[in-house]
Structure formats: structure tokens, C-alpha cells
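Beneath this line is the structure, given in C-alpha cells, with notes to follow.
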Amino acid sequence: MEKTGESGPKDRFTLVFLNLASLMLVLGSVYMVEELSILYGIGAGAIVQSVYDHNATIAASVAPAAQQLLAIHNYILEAYVLFIVAMALMAGAFLMFIKRNERGTSAQSRYVPYHAAMVAVYVLLLYLVVSTPYTPAENFYMDVTYAGIVICFACDGFLEYLNRKRGPSRSPRMLHTMVINPSTPFSNLINLRESIFSKLTGHLRIVDKHFNSTALTNLHRLIEQHQGNFTRITILTSKEMLDADIGSSISDFKSELAGNGTGLEVKLMDEKDAVDQHERIMLDDKIAYKVPPFNIINKKSEHITTISYDHASRRFAYLYQRAIKLENYMAKMSRQGNEKPDGEKAETQ
């Protein structure tokens with residue numbers, strides 16, 4: 001069963017075909033521009049040659065092109081518009097493919113109607129161009145174009161069917177503000193789990209420089225009943241919050257999550273980034289929050305509020321690429337602890 005907010009194999013294969021079909025429409029429009037341009041060149045060349053030969057009679061085979069030169073020019077402009085529409089179709093299909101997992105099905109739901117509407121516009125423009133006596137209506141290249149149209153409509157229809165079958169996606173603004181009452185820590189955990197954490201899906205990302213073993217315990221309590229909602233959990237914390245139990249706790253939690261098909265990664269922020277990063281943020285595939293420190297998330301008198309998803313996503317990506325994996329840091333510290341200042345191995349105690 002596909003997890004909510006995650007693109008499945010059917011989506012991926014369909015989107016691959018949609019991109020290929022959109023490319024077929026681009027190539028078809030290029031072919032029509034080329035054919036009409038060649039015809040325009042023949043007609044213009046015939047007129048120039050006739051004038052050069054003192055108004056000699058134009059050959060019957062090229063006379064129609066010479067006589068309808070202005071009309072052919074207009075058809076070329078229509079073919080260029082067709083090419084622009086085809087490029088827009090290609091862009092829409094590509095965006096659907098690269099964003100298929102970014103925010104669940106919301107991006108796909110937006111782009112599918114757009115793509116289908118643009119295919120309909122393409123068909124109308126194609127009819128105008130092909131209905132002229134100067135564009136071949138039946139040959140291999142045109143057959144490829146017609147096949148591309150059919151595939152586009154079929155893929156768009158199937159993607160829309162999948163979207164409706166999944167049901168409407170949640171609004172990214174599920175919650176604007178939640179107040180934590182320090183006098184009711186137990187109730188706070190229940191409210192947090194039901195109001196926020198039960199609705200998170202996909203890749204859960206947390207930036208909290210105070211994240212320690214207690215924070216990990218709270219996170220487990222908050223997502224325990226909904227672990228299957230997540231494909232991956234990534235936590236960014238600081239070196240100062242490492243305690244004696246953090247390594248084994250993370251290892252046990254990682255094994256438990258793996259049983260549900262969820263990956264866990266913990267990284268330590270760059271020291272300067274940890275000093276500068278005062279705000280704690282949490283985001284999934286659809287929404288971002290500003291949160292209290294996880295080690296006191298149910299006890300601190302603070303508001304949990306939604307924040308700009310794009311800003312939070314960019315900030316997380318910046319901190320993530322500068323951070324070091326917890327395993328690598330612990331291995332590094334272990335090597336340094338087993339070495340004397342002069343580089344020799346320390347004696348075994």
C-alpha cells in the first residue's frame with residue numbers, strides 16, 4: 001500500500017510516458033515548422049527567380065507556394081505558437097515528475113488539469129495548421145504527433161483517476177497556532193500527537209540543536225502510532241547535546257523504524273551553524289512548523305506555529321549539507337581518544 005503523500009510506481013511510470021508523449025508533441029511541432037519553412041523558401045525563391053528572369057513564368061509545381069506566400073508565413077507563425085505550447089506541455093510534465101514526492105500529490109493535482117488543458121489547446125492549433133493544404137496530414141511524423149496526443153490524454157486521465165482515488169490531499173495549513181500549557185504536559189503530548197504529528201507524512205525533518213535522548217523519547221511517543229506515515233526521518237542537532245545514551249537509543253530507534261520501512265538519520269550541525277540556529281523547525285512533505293525544543297516540547301510555554309515551507313526547506317537543506325553524520329563524528333572521536341598526543345596508540349586500560 002502506498003503511503004500518503006508518496007508517489008507510487010503507477011504514478012512514476014505514467015509520468016515517464018507523459019514526458020515522452022510531450023516530447024513527441026514538441027518534435028511534431030518542430031517538424032511542421034520545418035515543412036512550412038521549406039515551402040515558404042521554395043515559394044519565395046520562385047518569385048525571386050521569376051523577377052530575376054524578367055518576370056518569367058513560375059513553374060506549375062511551385063506556383064501554389066509562390067501565390068500563397070503570405071498565407072504560408074502566417075501558418076509558420078501558427079506552427080511556432082504550436083511549438084511554444086508543446087514546450088509548455090513538456091515543462092508541465094517534467095515538473096510533475098520531479099515534484100511527484102515533494103509535497104505528496106498536491107503538485108500533481110495542480111499540474112494534471114493544466115497539462116490536459118494545454119493538450120486541448122495543442123489539438124486546436126494543430127487542426128488549424130494541418131487543415132491547410134500545405135502541411136502533410138498523413139506521414140510517419142504526423143502519426144507520431146497524433147500518437148503523442150492520445151498518450152498525453154490517456155496519461156492525464158489516469159493520473160487524475162489516481163488523484164481522485166486517493167482522495168483530496170490535506171491543506172498544507174492544517175494548523176496555524178497551537179499553545180503549549182506547561183501545567184498539563186501529559187495532555188500536551190496527546191494534543192500534539194493528534195493535532196500535528198498524526199497528520200505528518202513523507203520525509204520528516206527536524207532542526208533542534210537541543211535534541212538529546214529525552215527529545216528522542218518524546219519524538220517516539222509523538223509518532224509511535226503513526227510511524228508508517230513516514231518514509232524517512234532526519235534530525236539535525238548539535239554536538240553539545242550528545243549524552244551517554246544517545247548512541248544506543250538512536251540505534252534502537254533506527255532498528256524499530258526500519259521494521260516499518262522508515263529510515264532514520266541523525267546529523268550534527270556545523271559548530272557555527274549550531275550557534276546561529278536559535279529557531280527549532282520541523283517539516284514534512286507539505287508543511288513546516290516552528291516548535292519548542294523536543295526535550296521539553298510538552299512542557300515549555302510556547303506557541304507552535306506554521307512557517308514558510310519554502311524558507312524552512314531551504315534552511316534545512318543548507319544546514320544538512322554542512323552537517324556531519326552522527327556515526328562519522330562518533331567514530332572520529334573514538335579514533336582521537338585512542339591516540340596519544342604524539343600519534344602513538346594509547347595503552348589499553
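The values are calculated or read from the model by the stated rules, or taken from the named source; none is laboratory data. Note that this is a predicted model, so its numbers are computed, not measured. Cβ coordinates were reconstructed from backbone atoms using ideal geometry, including for glycine residues, and neighbour counts include every protein chain displayed. With ligands, DNA and RNA removed, areas are computed over all heavy atoms of the protein, side chains included. Shrake-Rupley method; radii C 1.70, N 1.55, O 1.52, S 1.80 Å.
Data overview
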| quantity | calculated |
| --- | --- |
| Residues being open to solvent by 70 Å² or more (accessible area, probe 1.4 Å) and modelled with pLDDT under 85 - total across region 115-130 | 1 |
| Residues satisfying the stated conditions in region 241-280, i.e. among the hydrophobic types (A, V, I, L, M, F, W, C) and either assigned to a loop (DSSP other than H, G, I, E, B) or more than 30 Å from the chain's Cα centre (by Cα) (or both) | Met241, Leu242, Ala244, Ile246, Met269, Val275 |
| Which numbered condition Lys267 fails, given (1) touching a Leu at 6+ places or on another chain (Cβ under 8 Å); (2) over 22 Å from Met330 (Cα atoms); (3) of a type in the set (Lys, Arg) | (2) |
| Those residues of region 164-184 which are modelled with pLDDT of 85 or more and open to solvent by 80 Å² or more (accessible area, probe 1.4 Å), in sequence order | Ser183 |
| Counted residues, region 225-240 - those being over 27 Å from the mean Cα position of the chain (by Cα) and at pLDDT 90 or above | 1 |
| Filter result (at pLDDT 85 or above and either β-branched (Val, Ile, Thr) or under 18 Å from Gly43 (Cβ atoms) (or both)) within region 81-111 | Val81, Ile84, Val85 |
| Only one of Tyr146, Tyr161 that is in a helix (DSSP H, G or I), modelled with pLDDT of 80 or more and farther than 30 Å from Asn229 by Cβ | Tyr146 |
| Scope region 267-324; condition free of Cβ contacts under 8 Å to residues at least 40 places away in the same chain and buried (at least 19 other Cβ atoms within 10 Å of the Cβ); matching residues | Ala288, Ala312 |
| Residue in region 185-209 that is modelled with the lowest pLDDT, counting only those that are open to solvent by less than 10 Å² (accessible area, probe 1.4 Å) and not hydrophobic (A, V, I, L, M, F, W, C) | Asn188 |
| Top-ranked residue in region 284-313 [being farther than 20 Å from Ser238 by Cβ and acidic (Asp, Glu); ranked as nearest to the chain's Cα centre (by Cα)] | Asp285 |
| Cβ pairs under 6 Å, 6+ apart, first in region 217-246 and within 15 Å of Gly259 (Cβ to Cβ), second open to solvent by 40 Å² or more (accessible area, probe 1.4 Å) and polar (S, T, N, Q) | Gln227/Asn260; Gly228/Asn260 |
